[in-house]
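Q: Quick one: this structure, given as structure tokens, is what I'll be asking you about.
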Ligand SMILES: [Zn+2]
């Protein structure tokens, strides 16, 4: 156990997490997951970092059931619209993108602990096979790109050997740069990569990580009490879109879910979700279109008075040990900044 792990463990034993939970007990905690994958999937791969394993998810749900009060979307809605207060230490769980593993691996555990959840789906990806959200496709193809350098937007970047751990890390850094470029530039790069690189679908962990739900499975999830919300049509950076594209991404994804699932869909999660990925203009358009609740990924706790169109969530990754998860969600996350 290294120093950081010892201190994180100490935070639990000494009651620091408990104290912090009490201090922030009236501020809703939003948690965002993506994929839940088998324990056997590769650990040290940047591509599975955004997932959690079944064992991790089980431990985390146990912790939430023990020390927190999991709340539903309806309770959040009632708190905002009808002034019905949330319980102390309220936590809401959601999943972004719409992966099949949410149904096969996450929901059985949620049911076991009687914890409600919301899934935000990228509607263009529903029922597709062998397709990836564009940002993940870029990452996947950058990892396998055969050359030792690549030109992006006029700059040449050196690349470590394909499929090496270093390459997956560099590809992730490049992706964070690329996703801020105009859509045209992204598409040029994507096309260049498609011409040179095939995605290797043979590892079973990739299918488990990336496969999307289909409409029947989403109806099944609805029947099991899982709330379904919109996550746009194609997962763009909304703040980079012009007005017509923004309208289309928001309105069409809403209509598509309403048509296919027979529900009223007025809940949205902004793709990527950080401060720079949506803007006041995006929020206004979303509200005008008919969204009444919207979730961010601003990695912070909410204020006591919730902002309906900016409900913040913290993203949970595979790298969080149980002790770091406890400290993170209790509000001691910045402890990590002071540790080696
Ligand atoms: Zn997403």
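Q: Looking at (1) in contact with a strand residue (DSSP E or B) (Cβ under 8 Å, 6 or more places away or on another chain); (2) within 15 Å of the ligand (Cβ to nearest atom), can you tell me which one residue 136 breaks?
A: The one condition residue 136 does not meet is (1).
Q: Yes or no: residue 71 surrounded by 21 or more Cβ atoms within 10 Å (Cβ to Cβ), touching a residue at least 24 places away in the same chain (Cβ under 8 Å) and closer than 22 Å to residue 132 by Cα?
A: no
Q: Does the stretch 149-168 contain at least one residue that is part of a helix (DSSP H, G or I), on the phi < 0 side of the Ramachandran plot and either touching a strand residue (DSSP E or B) at 6+ places or on another chain (Cβ under 8 Å) or modelled with pLDDT of 95 or more (or both)?
A: no
Q: Separate question: With farther than 19 Å from residue 93 by Cβ, without any contact (Cβ under 8 Å) to a residue 24 or more places away in the chain and assigned by TED's automatic domain parsing to the domain that holds residue 33 as the only criterion, which of 275, 249 stands out?
A: Selected residue: 275, the only one of 275, 249 that is farther than 19 Å from residue 93 by Cβ, without any contact (Cβ under 8 Å) to a residue 24 or more places away in the chain and assigned by TED's automatic domain parsing to the domain that holds residue 33.
Q: Sticking with this one: Does the stretch 272-308 hold any residues that are under 30 Å from residue 325 (Cα atoms), surrounded by 15 or more Cβ atoms within 10 Å (Cβ to Cβ) and within 16 Å of the ligand (Cβ to nearest atom), and which are they?
A: 272, 273, 277, 278, 294, 295, 296, 297, 298, 299
Q: Please verify whether the stretch 234-245 includes one or more residues that are on the phi > 0 side of the Ramachandran plot, within 16 Å of the ligand (Cβ to nearest atom) and not assigned by TED's automatic domain parsing to the domain that holds residue 79.
A: yes
Q: For the stretch 145-182, enumerate the residues that are over 23 Å from the mean Cα position of the chain (by Cα), surrounded by 12 or more Cβ atoms within 10 Å (Cβ to Cβ) and more than 13 Å from residue 46 (Cβ to Cβ).
A: 145, 150, 152, 153, 157, 159, 162
Q: Hey, among the residues in the stretch 98-133 that are out of contact with any helix residue (DSSP H, G or I) (no Cβ under 7 Å at 6 or more places or on another chain) and assigned to a loop (DSSP other than H, G, I, E, B), which one's farthest from the ligand (Cβ to nearest atom)?
A: 114
Q: For residues that are away from the ligand (no atom under 11 Å from the Cβ) and in contact (Cβ under 8 Å) with a residue 24 or more places away in the chain, scanning just the stretch 86-97, find the one that is nearest to the chain's Cα centre (by Cα).
A: 93
Q: Residues of the stretch 253-273 being more than 11 Å from residue 228 (Cα to Cα) and within 11 Å of the chain's Cα centre (by Cα), which ones?
A: 270, 271, 272, 273
The values are calculated or read from the model by the stated rules, or taken from the named source; none is laboratory data. Computed from a predicted model, the values in this text were never measured in an experiment. A quick note on method: Cβ atoms are made from the backbone with ideal geometry, for glycine too, and the neighbour counts reach across all protein chains shown.
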